[in-house]
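Laboratory data are not the source of any read-out in this text; all were calculated from the coordinates shown. The structure displayed is predicted, hence computed values, not measured ones. Cβ: placed from backbone, ideal geometry, glycine included. Neighbour counts: every protein chain shown.
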Amino acid sequence: MNWRAFAAYSITGVPAAALGARTLLVLPEHLVDAALGAFFLVMIPAGHWMRARRFRIGLWQLSVAGAAIGFLTGIVLSTGPLSVPAFAAYGLLKGPFLSTEALSSLALMISKAVTFRELGALPWPAVLRGLIVGSSVMVGAFLGKAVVQRMSVRAFEHILDGLLACSGLSLLWAALM
């Protein structure tokens, strides 16, 4: 876990997620899905380009990424694939990547849920289902960490590319349907 990266990302990401959740109520979802899907697909070759040039970002840039991704997190179901290139460019890989990204995502999702609850758009049964799903995801992250720690960096990068490709294609599919 990298606490400095978590703080830099979340300090701007949490309020931005709340703002994005408010914005969600007025945006057409299919346009957001299409834009994010295309962005995820573009990030695959961009990630290769950045890794080839050993592109790195600092804490202040991670903070800017947190604000942008936080806002988008408020608008769409999940933007986990967006945080992948940000935390990777900061230099996090494998275990530290997973734990820092997971806790940062949790902070953004809590902000989003509180905002929806305050706006009357999140009934208690949905909160309960979300807690059950969220708990399952957390258990999966802990179990997955053991597997990821044994992977090579190269294999980990290929899996992240696959995640971006699947997410991008599924968002584009959802936008078209």
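Shape index of the chain: Rg/Rh, with Rg the Cα radius of gyration and Rh the Kirkwood radius from the inverse mean 1/r over Cα pairs, equals 0.96. Quote the FRET efficiency, to the nearest 0.05, computed for Asp161 versus Gln61 with a Förster distance R0 of 35 Å and r equal to the Cβ-Cβ distance. The computed FRET efficiency comes out at 0.95. The dipole here belongs to the chain: it is taken about the Cα centre, uses +1 on the Cβ of Lys and Arg and -1 on the Cβ of Asp and Glu, and is about 540 debye. Considering helices alone, the calculated mean residue ellipticity of the chain at 222 nm is -29000 deg cm²/dmol, with DSSP H runs of length four and up weighted by -39500 (n - 2.57) and normalised per residue. Computed from the Cβ-Cβ distance with R0 of 25 Å, the FRET efficiency linking Ser136 to His30 stands at 0.35. Here segment 126-161 and segment 31-61 have alpha carbon centers that stand 20 Å from each other.
Each other residue within a Cβ distance under 15 Å of Leu19 adds +1 if Lys or Arg and -1 if Asp or Glu, for a net charge of +1. Under the membrane-span-like helix rule (DSSP H runs whose alpha carbons stretch at least 30 Å along the helix axis, mean Kyte-Doolittle hydropathy -0.5 or higher), the chain yields 29-52, 94-118, 124-149, 153-176.
Normalised by the residues of segment 3-172, what does the relative contact order come to in percent, with Cα pairs under 8 Å and at least six apart? So the answer I get is 38 percent.
For Met151, the shell of other residues with beta-carbons less than 12 Å away shows a net charge of +3, using +1 for Lys and Arg and -1 for Asp and Glu.
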